[in-house]
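J.: Submitted below is the structure of interest, expressed as structure tokens.
The values are calculated or read from the model by the stated rules, or taken from the named source; none is laboratory data. Source: prediction; values computed, not measured. Cβ placement follows ideal geometry from the backbone for every residue including glycine, while neighbour counts extend to all protein chains displayed.
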Amino acid sequence: MRAGTIIRTTMLIAAVAVAVSACGRRGDLDTPFEAQQNARKEAERNDQPLPPEPTPPVRDRPFVLDRLI
């Protein structure tokens, strides 16, 4: 391989790595309930029409195999 090809390939791999590493958001994911609460609070702050009141999530019932996980 020529030196130019190696340099181009290395630069391409570095550019892809930088682009992919910038994707996403750091931190915990929001549940749908939390997202609805945050949207409602933001609408109140901005004097916009309020979305409907979110319903709290229903607790999951334990499953037989949960203890194995």
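J.: For region 18-42, name all the residues that are more than 24 Å from Arg59 (Cα to Cα) and either modelled with pLDDT under 85 or loosely packed, with under 10 Cβ neighbours inside 10 Å (or both).
T.: Matches in region 18-42: Val18, Ala19, Val20, Ser21, Ala22, Cys23, Gly24, Arg25, Arg26.
J.: Moving on to the next point. Looking at Arg8, Arg67, Arg61, Arg45, which is the one that is more than 20 Å from the chain's Cα centre (by Cα), modelled with pLDDT of 90 or more and exposed (fewer than 10 other Cβ atoms within 10 Å of the Cβ)?
T.: After ruling out the rest, the residue left standing is Arg45.
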